[in-house]
Amino acid sequence: MTNDVISKIIEGADKIEQKIIAYRRDFHKYPELGWTEYRTSSLIARRLAELGYEVKVGVDILKAEDRMGLPPREILEEAWERAARQGGDTKYMDVMKNGFTGAVGIISNGEGPVRAFRFDIDALPIQESQDEKHRPWKEGFSSVNECIMHACGHDCHAAIGLGVAEILMSLKDKIRGTIKLIFQPAEEGVRGAKAMVTKGLLDDVKAIIGSHVKEYPVGKIASGLSGYKATTKFDVSIQGKPAHAGGNPQDGNNALVAAATATLNLYAIPRHKDGPTRINVGKLVAGSGRNIIPDKAHMMVETRGSTSALNSYMYEKAINIIKTSCQMQDCTYEIIPMGEAPSGKSDEEMMKLVEETAKEIGGYDVLDGDESGGSEDFTYMMAKVQENGGKAVNIGIGADKIGGGAHSYDFDINEGALKKAVVLLSALAFKPRGSDL
C-alpha cells in the first residue's frame, strides 16, 4: 500500500465524515431487532447499488433453515409494515419478507484474493433513555421504536460499512481481487451468521475482517479480539396436564415442577477441568392460575464454554437434566434452538497486519489484544475462513465510554471514532506488500 493510497483514503474519509455520522444517527433513530432489519437492510442495499456494487439480498445470502431464533410471522409482518412507513426501500424489502434481512455488496478488480468485511446491523430490546444528558435524546435522534434501541453500536457498524463502501469504490482501480462487504442481520443472540456461512458466502474468502466499537478512548484499537466463548441458546417448551389443585391434583402433570427441578439441577452441572463453562436460565414462565396444576412452562436457557468442546459438554448435560426432570412429572418437552456460535480467536498474522497498517496510517494507539468474556457469532465466519486455510481478525475500535456502556439504556459513542474506523478498515482492503492475504 502506497502513501498515495493512504492519502486518498484519509482525504476521502474527511469529505464524507458528516455523511457517515448522518448514517449512524438515522440507523440509531430507527432501530430494528434481528431478522426484522428491513428498513436498515434495504437502505444499505440501495446505497451499495448507487455506489456501483453488485448487491445480493434475501435468499441469495441466507440459508432459510439455518436462520435461528426467527420471530413469529405476525411479528415479521408488523416489522415490515413499520419499516415501510419509516422510509424503507420497498424494492429491496419485498425480497426480504419473512425474515430474509441483511445485504452484501461485492466489488471486483481482476485476479487476486477474495477478502470480506463484516458489519452487524441489528438492535436490542431496550427502551432508550429520555434523560436530557443522553445525547441522542437531547439532539433528536434517539429511538422512535418502543423498547428497541441500538445499545451495542451496530448502528455505528452499519454506518462505518457504508463509509468503507464509498471509499473503496472511489479507489476501485487500486484494488486487487474481490472485496465482499457483508452487512449481517441478527447478531444479538448469535443467530444470523450461521445462515450466511452455510449459504456459501465465505467459501472463496481468503481473509475476513470484523470490527466492533469498544469503550477504549478514540484512537485506541485492539488489533485482535479473541477469547470468545462458544455458546448454545435454546428455549424449552414443557407440556404437562392441568387438573384441579384441590380436588384431584393426582390427575395433573406439573410442568412448573418439571421446569423448577430442571433449573435447580442445571446450576449443579459440574464445572470442567479443561476450562471455564457457564449456564444460565434467563427466564422461566409457568402455570395459569392459583388453583390449577400448571400444564405449561417455558424456559430460556444458554450454555457457554471457553471452547466449542466445553460448550458441547454443558449442552449435553443440560439436555439430559431437562429430559429427566420432565420424565419425573410425566411431562413432554421440546427444545427450540435460538442461537449458537463456536469459540473463536483472531489470527496473529492478521493482528500483525492490523498493527502495521495502523502504524503506517498514524494516529492510532494499538493494544495487543482484548479477551472477551462473551460470545459473538462472527466466530462462525472466522471459523469458516480459517478452516479453508484463510485468516481472520476482529478489531476493537475505541469509541469512548459514554453512558452505562454496552447494552445499557443510555449507551452512546464518540462519533469521532467513525471516521477513524473507516480509514483503518479501508486501508486493510488493499493488499499489503509481502502478503498473500
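The values are calculated or read from the model by the stated rules, or taken from the named source; none is laboratory data. Keep in mind that what you see is a predicted model, and the values were worked out from it rather than measured. As a convention, Cβ positions derive from the backbone with ideal geometry for all residues, glycine included, and neighbour counts pool all protein chains shown. When the accessible area is computed, the model is the full protein with side chains, heavy atoms only, and any ligands, DNA or RNA have been set aside. Shrake-Rupley method; radii C 1.70, N 1.55, O 1.52, S 1.80 Å.
Of the residues LEU310, PHE141, ILE126, the one whose Cα sits farthest towards the positive end of the charge dipole of the chain is LEU310 (charges of +1 on Lys and Arg Cβ, -1 on Asp and Glu Cβ, taken about the Cα centre).
If you find the alpha carbon centre of region 177-242 and of region 369-432, how far apart are they in angstrom? So the separation of the two Cα centres works out to 11 Å.
Under a Gaussian network description of the chain, with springs only between Cα atoms under 10 Å, the residue in MET328, MET196, MET300 that fluctuates furthest is MET328. Taken one residue at a time, the phi angles of region 391-403 give Karplus couplings (6.51, -1.76, 1.60, θ = phi - 60°) of 10, 9, 8, 10, 9, x, 10, x, 9, 6, 9, 10, x Hz. Gly and Pro are set to x.
Of all the accessible heavy-atom surface of the chain, with the other protein chains kept in place and a 1.4 Å probe, what percent is carbon and sulfur? If you can, show how the numbers build up before the last one.
Values: 8700 of 18070 Å².
That fraction is 48 percent.
Which values, in whole Å and largest first, are the semi-axes of the equivalent ellipsoid of region 98-155 obtained as the square root of 5 times each eigenvalue of the Cα gyration tensor?
Numbers: eigenvalues 240, 41, 15 Å².
Values for region 98-155, descending: 35, 14, 9 Å.
Can you bin region 1-156 into rounded, prolate or oblate? Criterion: square roots of the alpha carbon gyration tensor eigenvalues sorted a ≥ b ≥ c, rounded for a/c under 1.5, prolate for a/b above b/c, oblate for the rest. It comes out oblate by the Cα gyration axes. Comparing mean-square fluctuations of ALA45, ALA186, ALA406 from a GNM of the chain with C-alpha springs under 10 Å, the top value falls on ALA406. When a/c is below 1.5 the answer is rounded, else prolate if a/b is larger than b/c, else oblate, so apply that to region 98-241 with a ≥ b ≥ c taken from the square roots of the Cα gyration tensor eigenvalues. In terms of gyration-tensor shape, oblate.
Positive end of the dipole of the chain (Cβ unit charges, origin at the Cα centre): among ASN414, SER42, PRO242, the Cα lying farthest that way belongs to PRO242.
Would you mind classifying region 314-437 by shape? Square roots of the alpha carbon gyration tensor eigenvalues, ordered a ≥ b ≥ c; an a/c under 1.5 is rounded, otherwise it is prolate if a/b is larger than b/c and oblate if not. Don't skip to the answer; put the middle values down first.
Details: a/c = 3.72, a/b = 1.83, b/c = 2.03.
Note, shape of region 314-437 comes out oblate.
For the listed peptides 281-287, 61-67, a ranking on the average number of other beta carbons within 10 Å per residue, highest first, reads 61-67, 281-287.
Over the Cα atoms of region 1-86, the radius of gyration divided by the Kirkwood radius equals 1.09; this is the Rg/Rh ratio. Remark: region 282-288, residue by residue, has Karplus-estimated 3J(HN,Hα) of x, 7, 9, 10, 8, x, 9 Hz, where x stands for each Gly or Pro and the curve is 6.51 cos²θ - 1.76 cosθ + 1.60 at θ = phi - 60°.
Against the globular-protein guess of 2.2 N^0.38 Å, express the Cα radius of gyration of region 217-295 as a ratio, rounded to two decimals. Walk me through the numbers before you get to the answer.
Values: Rg = 20.5 Å, N = 79, 2.2 N^0.38 = 11.6 Å.
So region 217-295 has a normalised radius of gyration of 1.77.
Derived value for the chain: Kirkwood hydrodynamic radius 22.8 Å. Basis is the mean of 1/r over every pair of different alpha-carbon atoms.
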